[in-house]
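Contents: one structure, followed by commentary.
No lab work stands behind these numbers, since they all come straight from the coordinates. These numbers come from a predicted model, not from an experiment. We place every Cβ from the backbone using ideal geometry, glycine too, and count neighbours over all the protein chains shown.
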Amino acid sequence: MAALDAGGVRTWLDTSESELNVVSRETWAVRTAGDRADEPTPLVDASTPLAQAAEHSVLIRRGFQSGSPLPRPERTRVFVVANQKGGVGKTTSTVNLAAALAHLGQRVLVIDLDPQGNASTALAIEHRRGVPSTYDLLVDGRPLTEVIQPCPDVPGLDVVPSTIDLAGAEIELVSVVARESRLSKAIVAHPRVGGPEAGEDRYDYVLIDCPPSLGLLTLNALVAGQEMLIPIQAEYYALEGLGQLIETVEMVRKHLNPALWVSTILVTMYDARTRLAAGVADEVRSHFGDQVLKTTIPRSVRVSEAPSYAQTVMTYDPGSPGALSYLEAAREIVTKEGRK
């Protein structure tokens, strides 16, 4: 580790030059004064933004490698990951947060409710036609225990896959009694969902990945969930879609699930070089306050590449800025209270 004395601008810290350049300022900004007080003496002169980003990157890497587990919640927290606007990083955030939570010592279940099955692909779960899936769960009423598969790459992470059969489920569910609560009943009936009565092997987090629409599948998720996680792209159009989604949530709260609330908003595809991204993030924070995670997810080639190898970025390149950001976001979710 050789340091250059040019104003403390650069330091070689087991990090490539390209990674140092990509680490975003907002990732550094998630640290609180308390966090910094608990950290060891800075590894570099923190007088410049680049030096600060480099130091923070190395500290996160050390935390990632140590894999220190975080306290588990008292009860299973059921998150609905939804946004009717496509391309905002919904599925990407679901699988990477799930992998990050598992890395932090949590037991996680991902329910793929999108007929495209992208979450199943990213988690290396078989989801060809005929495989027990969310279709069997919703339409045929099969127990949740019969459709779960373990993720081969991430210990502590289980998945309910989605198959192409799910594309016709909305039509088949139209005539079914209590069609909007079938997922909720299945989750509640699972022996590993609940509080202390579910035992030490209980699921700590259930993440439901929804399709980019507000049909019966998403409605099932909203009725089943306790908390809602909304990924929002750092662009102007995302603000319009967010307003519509909040209206839908209020309708569900009023008529079907009073316990549902928007606990988490995650800003994705953040480009620190543009004023627009910063403006969108500030606008969302001004309206929703602490519901918005301090961590933002930067645009990352590694995050986009990982699904093509049937992996999350957490296993594909755990030291990349995208992986480190999702790990920090997962830490925030764990440490935030799971109630209103």
Could you work out the pair-distance distribution P(r) of the stretch 190-236 from its alpha-carbon pairs, with 5 angstrom bin width and percents rounded to whole numbers? 4, 17, 21, 18, 16, 13, 6, 3, 2, 0
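Given the stretch 136-286, what whole percent of its Cα pairs are spread farther than 26 Å?
Numbers: 4212 of 11325 pairs.
Of the Cα pairs, 37 percent sit more than 26 Å apart.
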If the chain between Val177 and Glu197 were fully extended at 0.36 nm per residue, the gain over the current Cα-Cα distance would be 4.2 nm
Would you grab the residues whose amide H sits under 5 Å from the one on Ile230? Only those 5+ places off in sequence or on another chain, please, with H modelled 1.01 Å from N. Thr264, Ile265, Leu266
Expressed in Å to one decimal, the Kirkwood Rh of the stretch 77-335 from all distinct alpha-carbon pairs is 18.2
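Give me the percent relative contact order of the stretch 283-338, please, defined on Cα pairs under 8 angstrom at least 6 residues apart.
Normalised by residue count, the contact order of the stretch 283-338 is 33 percent.
Past the 20 angstrom mark, what percentage of all C-alpha to C-alpha distances in the stretch 212-279 do you count? It would help to have the intermediate numbers written out before the result.
Values: 772 of 2278 pairs.
Result: 34 percent of Cα pairs exceed 20 Å.
Report relative contact order for the stretch 207-320 in percent, whole number only (criteria: Cα-Cα under 8 Å, sequence separation at least 6). Walk me through the intermediate numbers first.
Numbers: 130 pairs, mean separation 26.5, N = 114.
It rounds to 23 percent for the stretch 207-320.
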Measure off 7 Å from each Cα along the Cα-to-Cβ vector at Glu146 and Leu256, then give the distance between these two points in nanometres to one decimal. 2.5
Among the Cα-Cα pairs of the stretch 111-208, the proportion with separation greater than 24 Å, in percent, is 21
Once amide hydrogens are built 1.01 Å from N within the peptide plane, the residues lying 5 or more places from Val206 or on another chain with amide H under 5 Å from its amide H are Arg77, Val78, Phe79, Leu109
Environment charge at Ala98 (Cβ cut-off 13 Å; Lys +1, Arg +1, Asp -1, Glu -1): -2
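Viscosity 1.306 mPa s, temperature 10 °C: give me the Stokes-Einstein translational D for the stretch 268-339 in µm²/s, with Rh taken as the Kirkwood radius over C-alpha pairs. Write down the numbers at each step before the final one.
Working: Rh = 13.4 Å.
Stokes-Einstein gives a translational diffusion coefficient of 119 µm²/s.
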Mean projected area in nm² (Cα convex hull; one quarter of hull surface) for the stretch 155-208: 4.9
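List Cys151, Cys210 from most exposed to least, where exposure is judged by having the fewest other Cβ atoms within 10 Å.
Working: Cys151 23, Cys210 27.
If I rank by nearby Cβ atoms, fewest first, I get Cys151, Cys210.
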Assertion target for Met314, Met228, ordered by fewest C-beta neighbours within 10 angstrom first, is Met228, Met314
Which lysines, if any, have their Cα less than 22 Å from the Cα of Lys185, not counting same-chain residues under 8 positions apart? Lys254
Given Tyr316, Ile265, Gly156, which one lies farthest toward the positive end of the charge dipole of the stretch 77-335, if we put +1 on the Cβ of every Lys and Arg and -1 on the Cβ of every Asp and Glu? Ile265
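Which FRET efficiency value, to the nearest 0.05, do you get for Asp271 and Lys185 by plugging their Cβ-Cβ distance into 1/(1 + (r/R0)^6) with R0 = 45 Å? Could you put the intermediate results ahead of the total?
Numbers: r = 42 Å, r/R0 = 0.94.
FRET efficiency, Asp271 to Lys185: 0.60.
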